[in-house]
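K.L.:
Next up is a structure, given as structure tokens.
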Amino acid sequence: MTTSDSDTITDGTQTPRHTNRRQPFPQGFLDTISTGWAERPELLPEPREQAPFAAARRAALSAAFPGARLVVPAGASLPRSNDTDHPYRAHSAFAHLTGWGADAVPESVLVFDPVDGGHAVTLYLRERADRTTAEFYADSEIGEFWIGPRPSLAAVAADLAVATDHLHAFAPVDGDLVVGDDDDLTRAVSELRLVKDAYEIEQMRAAVDATARGFDDIVASMDRIVATARGERAVEGVFHQRARIEGNGEGYETIAASGPHACYLHWTRNDGPVVPGDLVLVDAGVEVDSYYTADITRTLPVSGTFTPIQRRIYETVREAADAAFAAARPGVTFRSVHEAAMRVIATRVAEWGLLPVTAEEALDADAGGQHRRYMVHGTSHHLGIDVHDCAQARREMYYDGILTPGMVFTIEPGLYFQIDDLTVPEEYRGIGVRIEDDILLTEDGPVNLSAGIPRTADEVEAWLARR
Ligand code: GLY
Ligand code: MN
Ligand code: MN
């Protein structure tokens, strides 16, 4: 909600933020602030490239919910602390169904009103206030004096090729199905993203390509990273620069994990040094302006070459990834890709004498799992506008679902031997490896979108040698 009171601001959830920081405006300011501004010509843009794709997604959702009023909120800004917010991120379903990404206006709502033959769709948003209003100069959340120009209703309608109206014209109705509240609708908008359209695939390629350049930046900066006390932060910072220059930012918190930190699966503290002789695991992805994100991991020998034990573990993880890649074919279950990777992991750790049972016993679905101590996470997840995309899809559509051309998912096996794991010989302890690639399934099989990033142990060593 907007405010016209210069002493109160709101956070979008209609909770006033109490602050005594603001000063009243003197009369001379109030008398003059609204005048003296040049006319702004209204230039209506052509529809953006994704507009027809978003329209097709809306048509599919409309067909699935005949007669129901559907409400898809973009969501409000989330407070970080006191009167500062996190960077705004619209809800993924809202972005998918509107084509609005990094430039979405907070608190917009997409509404499907049932009409004969389907739905009439309207995007409600807070239009910019004109310069005669207090919002213009006094509202630090949305006033144009504070955050810069905002689009008019007509400009958004032209840009996204959808009808628009003022947010205050939107009224919730009893019986509305709301994304996030209604389970069936929430599931449907998640499952709608399982198979990507041509625009989404192009965006995924752009995200992966920008991420590849971010990894190149890290390799090129390795000497400086090693020389920095908190080298993991330097890794994060180097990648961040690429993510912000080329995209909207990172699609998730970068994991920069050197030495034993690599065994902590979501190490995002990133406050340790990057030490020669160790491996540094970097899991990072650029999110482009449309919100599509890559999710890529490379594990690099800091000094340029793998030790024999590091190489043995690394190449086993690669073997598992290759087995998963070979298993990924249209018509098989999503789950079978994970099973192919786990067969390699179980076989190798059994060969190394790390298991109290045989590999076959470990692979038993009910009584086994001993090898999972060294890789507790799954091998794959859907990827797209969310890093863990389609997470509200039903199990029979996701893990037990059938791989279909147009799906985009990760293949990311790993092996992690914690520093204090007494079940492994000392030489294994403190080594963590993950290799994560982003896969597009086509009629002809899987395409590794991130194949251009060095991947084998030899390729990785050559990459570091070029720096
Ligand atoms: N970066 C989170 C993941 O790989 O799933
Ligand atoms: Mn992942
Ligand atoms: Mn990842």
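No value in this document is a laboratory result; all are computed from the given coordinates. Nothing here was measured: the structure is a model prediction, and the numbers come from that model. Cβ atoms come from the backbone with ideal geometry, glycine included; neighbour counts cover every protein chain shown.
K.L.:
List pairs: first in the range 120-149 and closer than 30 Å to residue 67 by Cβ and in contact (Cβ under 8 Å) with a residue 12 or more places away in the chain, second buried (at least 17 other Cβ atoms within 10 Å of the Cβ) and of a type in the set (Asp, Glu), Cβ under 7 Å, 6+ apart or cross-chain?
P.N.:
As it stands, the answer is 126/107, since those pairs meet every condition given.
K.L.:
Can you find a residue in the range 251-263 that is more than 13 Å from ligand 3 (Cβ to nearest atom) and polar (S, T, N, Q)?
P.N.:
Yes, some residue in the range 251-263 is more than 13 Å from ligand 3 (Cβ to nearest atom) and polar (S, T, N, Q).
K.L.:
Please identify the pairs in which a residue from the range 229-254 that is free of Cβ contacts under 8 Å to residues at least 24 places away in the same chain has its Cβ atom under 6 Å from the Cβ atom of a residue that is within 16 Å of ligand 2 (Cβ to nearest atom), counting only partners at least 6 apart or on another chain.
P.N.:
Listed pairs, sorted by first residue: 253/268.
K.L.:
Identify the residue in the range 264-301 that is among the small types (Gly, Ala, Ser), outside any strand (DSSP E or B) and within 12 Å of ligand 3 (Cβ to nearest atom) and, among all such residues, is surrounded by the fewest Cβ atoms within 10 Å (Cβ to Cβ).
P.N.:
Out of the qualifying residues, it is 285.
K.L.:
Next question. Do you know which residues across the range 365-395 are loosely packed, with under 13 Cβ neighbours inside 10 Å and more than 23 Å from the chain's Cα centre (by Cα)?
P.N.:
Matches in the range 365-395: 365, 366, 367.
K.L.:
Another question about this same structure. Of all the residues that make up the range 121-148, how many are in a loop (DSSP other than H, G, I, E, B) and closer than 19 Å to residue 85 by Cα?
P.N.:
7
K.L.:
Please tell me if residue 90 is surrounded by 16 or more Cβ atoms within 10 Å (Cβ to Cβ) and either under 22 Å from residue 43 (Cα atoms) or not hydroxyl-bearing (Ser, Thr, Tyr) (or both).
P.N.:
Yes, satisfied.
K.L.:
Please find, among 433, 424, the residue that is assigned to a loop (DSSP other than H, G, I, E, B), in contact (Cβ under 8 Å) with a residue 24 or more places away in the chain and either of a type in the set (Val, Ile, Thr) or away from ligand 1 (no atom under 16 Å from the Cβ) (or both).
P.N.:
So the residue among 433, 424 that is assigned to a loop (DSSP other than H, G, I, E, B), in contact (Cβ under 8 Å) with a residue 24 or more places away in the chain and either of a type in the set (Val, Ile, Thr) or away from ligand 1 (no atom under 16 Å from the Cβ) (or both) is 424.
K.L.:
Kindly indicate the residue of the range 396-429 that is hydroxyl-bearing (Ser, Thr, Tyr) and more than 14 Å from ligand 3 (Cβ to nearest atom) and also surrounded by the fewest Cβ atoms within 10 Å (Cβ to Cβ) among those meeting that condition.
P.N.:
Checked the range 396-429; the qualifying residue surrounded by the fewest Cβ atoms within 10 Å (Cβ to Cβ) is 404.
K.L.:
Is it the case that some residue within the range 268-278 is aliphatic (A, V, I, L, M), over 30 Å from residue 99 (Cβ atoms) and in contact with a Pro (Cβ under 9 Å, 6 or more places away or on another chain)?
P.N.:
For the range 268-278, residues aliphatic (A, V, I, L, M), over 30 Å from residue 99 (Cβ atoms) and in contact with a Pro (Cβ under 9 Å, 6 or more places away or on another chain): absent.
K.L.:
Any residue in the range 377-389 that is in a loop (DSSP other than H, G, I, E, B) sitting within a Cβ distance under 7 Å of a residue that is aromatic (Phe, Trp, Tyr) and within 13 Å of ligand 3 (Cβ to nearest atom)? List the pairs, counting only those 6 or more apart or interchain.
P.N.:
Correct list of pairs: 380/409; 381/409; 383/409; 387/252.
K.L.:
Does residue 366 qualify as being assigned to a loop (DSSP other than H, G, I, E, B) and more than 16 Å from ligand 1 (Cβ to nearest atom)?
P.N.:
Considered against the rule, which asks whether it is assigned to a loop (DSSP other than H, G, I, E, B) and more than 16 Å from ligand 1 (Cβ to nearest atom), residue 366 comes out as yes.
K.L.:
Quick one: in the range 390-414, which of the residues that are outside any loop (DSSP other than H, G, I, E, B) and within 16 Å of ligand 2 (Cβ to nearest atom) is farthest from residue 309 (Cα to Cα)?
P.N.:
Filtering first and then ranking leaves 408.
K.L.:
Could you please give the count of residues in the range 163-175 that are surrounded by 11 or more Cβ atoms within 10 Å (Cβ to Cβ) and either farther than 20 Å from residue 97 by Cβ or touching a Lys or Arg at 6+ places or on another chain (Cβ under 8 Å) (or both)?
P.N.:
Count: 3.
K.L.:
Moving to a separate point now. What's the number of the condition residue 58 fails, among (1) touching a Phe, Trp or Tyr at 6+ places or on another chain (Cβ under 8 Å); (2) part of a loop (DSSP other than H, G, I, E, B)?
P.N.:
(2) is the only condition that residue 58 fails.
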